[in-house]
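A.B. asks: Below is one structure. I have some questions about it.
The values are calculated or read from the model by the stated rules, or taken from the named source; none is laboratory data. None of the values given here were measured: they were computed from a predicted structure. Note: ideal-geometry Cβ built from the backbone for every residue, glycine included; neighbour counts use all protein chains shown. These accessible areas exclude ligands, DNA and RNA; they are computed on the full protein's heavy atoms, side chains included. Shrake-Rupley method; radii C 1.70, N 1.55, O 1.52, S 1.80 Å.
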Amino acid sequence: TKPTLAIVGATGAVGTVMIDIINGRGSVPWGEIRLIASPRSAGKKITVRGAENTVVALSPEAFDGVDIALFDVPDEVSAEWAPIAVERGAIAVDNSGAFRMDPEVPLVVPEVNAAQVHERPKGIIANPNCTTLSMMAALGALHHEFGLRELVVSSYQAASGAGQEGVDRLYAEVAAVAGKQVGVRGGDVAEALTAAGLPEETPFKAPLALNVVPWAGSRKDDGWTSEELKVRNESRKILGIPELKVSATCVRVPVVTTHSLAVHATFAQDVPVEQARRVFEAQPTVVLQDDPERMAFPTPAAVVGEEPTYVGRIRQALDFPNTLDFFVCGDNLRKGAALNTYEIAETLAG
Ligand code: 2RA
């Protein structure tokens with residue numbers, strides 16, 4: 001019999017993309033697909049692969065008969081409910097931050113470390129944060145070939161990383177400044193937002209329209225943010241390089257969806273650009289878009305809704321040996337969240 005798949009958080013932002021991905025697949029290995037959400041959303045009807053599916057409320061019994069449960073819910077909900085799903089016999093694949101750095105929970109990007117799905121003493125597999133994930137297909141392929149030693153990255157993170165609330169805020173800010181002479185001396189952006197009646201409280205800590213904000217996530221020690229530490233810790237764990245030197249600066253930009261990263265990566269050996277290109281071309285989940293003569297390079301707006309990671313602007317660093325600079329774009333809601341989680345489930349199903 002075919003395995004039963006459950007999606008916990010089926011009505012949320014990532015859960016919705018997950019169903020979209022499942023609907024777009026040519027075939028799926030699942031018998032039943034069970035949609036689970038908070039009691040508030042229970043009873044809602046959603047079409048999955050042509051059949052009407054009724055959302056059931058999160059409860060221990062909801063996991064009975066489930067083989068693989070995908071969690072797209074806040075950290076505290078995963079922390080409580082993933083172990084319950086495991087008790088009921090399921091493998092939990094969790095997209096929250098609750099288990100990512102637990103040494104007994106593998107952190108998986110299938111094109112980098114798929115075999116680790118089988119090493120799961122707690123019955124839980126974690127999906128990385130979207131910022132790390134957006135560069136992993138590209139970086140994993142290069143590491144495999146050339147041996148990564150050091151990583152310096154700056155992120156350009158989309159508003160949807162902060163959820164629907166973030167998207168709504170960005171649209172409201174853009175509407176508030178549209179057609180106005182602001183962002184110039186005497187035309188303060190923050191004042192324009194206040195004048196338009198926008199609440200002072202924002203998920204981005206500063207105006208995002210006509211601006212960039214060098215802050216994403218929560219405050220950690222010594223001036224770092226949670227997003228920056230996730231890039232460091234998760235990259236080390238996924239690539240299996242515990243001592244990898246990493247420094248990240250995470251920045252929010254006025255983009256709705258798709259995270260971008262400027263990557264400065266140092267390897268154990270010299271990496272000519274042509275060799276890097278060959279590695280990217282051989283990686284099925286990477287699309288190379290890099291032709292300076294034709295101004296071909298990836299941009300986040302063009303990558304929205306795409307499954308692969310787009311790579312461009314590949315250069316050998318002029319002043320740093322064995323080092324490449326390049327730019328990547330990945331849809332933070334797809335490969336950055338729902339798609340990678342679903343690919344882990346596909347890997348489990350064989
Ligand atoms: C963000 N990476 O972009 C986070 C979402 N988990 O805000």
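A.B. asks: Post the alpha-carbon centroid distance, segment 153-183 to segment 28-68, in whole angstrom.
C.D. replies: 33 Å
A.B. asks: Shifting gears a bit: Where is the GNM fluctuation largest for the chain (alpha-carbon springs, 10 angstrom cutoff): Phe280, Phe204, Phe320?
C.D. replies: It is Phe320.
A.B. asks: Another one. Report, ordered by chain and residue number, the lysines lying within cross-link reach of Lys205, taken as a straight Cα distance under 20 Å and ignoring same-chain residues fewer than 8 apart.
C.D. replies: Counting by Cα, and skipping residues close in sequence, Lys205 has these lysines nearby: Lys220, Lys230.
A.B. asks: At q = 0.14 Å⁻¹, what is the base-10 log of I(q)/I(0) for segment 23-159 according to the Debye formula with one equal point scatterer per Cα and no solvent? Please give it to two decimals.
C.D. replies: -0.79
A.B. asks: With θ taken as phi - 60° and the coefficients 6.51, -1.76 and 1.60, list the Karplus ³J(HN,Hα) couplings across segment 136-148 in order, rounded to whole Hz; mark glycine and proline as x.
C.D. replies: Using θ = phi - 60°, the values come out as 6, 4, 5, 5, x, 5, 5, 4, 4, 8, 10, x, 6 Hz.
A.B. asks: Please give the net charge around Tyr342, taking every other residue with its beta carbon less than 12 angstrom from that of Tyr342, where Lys and Arg add +1 and Asp and Glu add -1.
C.D. replies: -2
A.B. asks: Using mean Cβ contacts within 10 Å as the protection proxy, how do 219-227, 91-99 order, highest first?
C.D. replies: Per-residue mean Cβ counts within 10 Å order the peptides as 91-99, 219-227.
A.B. asks: Going 7 Å from the Cα of Val273 in the Cα-to-Cβ direction, what parts of segment 302-319 have a backbone nitrogen less than 17 Å from that spot?
C.D. replies: Label zone hits: 311-319.
A.B. asks: Could you compute how much accessible surface Ser247 exposes when probed at 1.4 Å, giving the result in Å² to the nearest 10?
C.D. replies: Counting only protein heavy atoms, the figure is 50 Å².
A.B. asks: Let me ask something else about it. Suppose every Lys and Arg Cβ carries +1 and every Asp and Glu Cβ carries -1, with no other charges. What dipole size does the chain come out with about its Cα centre, to the nearest 20 debye?
C.D. replies: 280 debye
A.B. asks: Any idea what Rg and Dmax come out to for the chain if you just take the C-alpha atoms, in Å?
C.D. replies: 20.8, 68
A.B. asks: Suppose every K and R has +1 on its Cβ and every D and E has -1 on its Cβ; what is the size of the dipole of segment 74-154 about the Cα centre, in Debye to the nearest 20?
C.D. replies: Roughly 120 debye, rounded to the nearest 20.
A.B. asks: Now for a different question. Using square roots of five times the C-alpha gyration tensor eigenvalues, list the equivalent-ellipsoid semi-axes of segment 101-224 in whole Å, biggest first.
C.D. replies: 39, 17, 13
A.B. asks: Kirkwood Rh, Cα Rg: Rg to Rh for segment 219-350?
C.D. replies: In segment 219-350, Rg relative to Rh is 0.97.
A.B. asks: Give me P(r) over segment 1-86, computed from all C-alpha to C-alpha distances, binned every 5 Å, as integer percentages.
C.D. replies: Cα pair-distance distribution for segment 1-86, in percent: 3, 15, 27, 28, 17, 7, 1.
A.B. asks: Could you give the dipole magnitude of segment 1-67 about its Cα centre, charging the beta-carbon of Lys and Arg +1 and that of Asp and Glu -1, in debye to the nearest 20?
C.D. replies: Result for segment 1-67 is approximately 200 debye, rounded to the nearest 20.
A.B. asks: Also: Expressed in nm to one decimal, what extension gain is obtained for the pair Thr1 and Arg185 from 0.36 nm per residue of sequence separation less their Cα-Cα distance?
C.D. replies: Stretched fully, the Thr1-Arg185 segment lengthens by 59.5 nm.
A.B. asks: Residue-wise, which Karplus ³J(HN,Hα) couplings in Hz belong to segment 60-67, taking 6.51 cos²θ - 1.76 cosθ + 1.60, θ = phi - 60°, and x for glycine or proline?
C.D. replies: Using θ = phi - 60°, the values come out as x, 5, 4, 8, 4, x, 7, 8 Hz.
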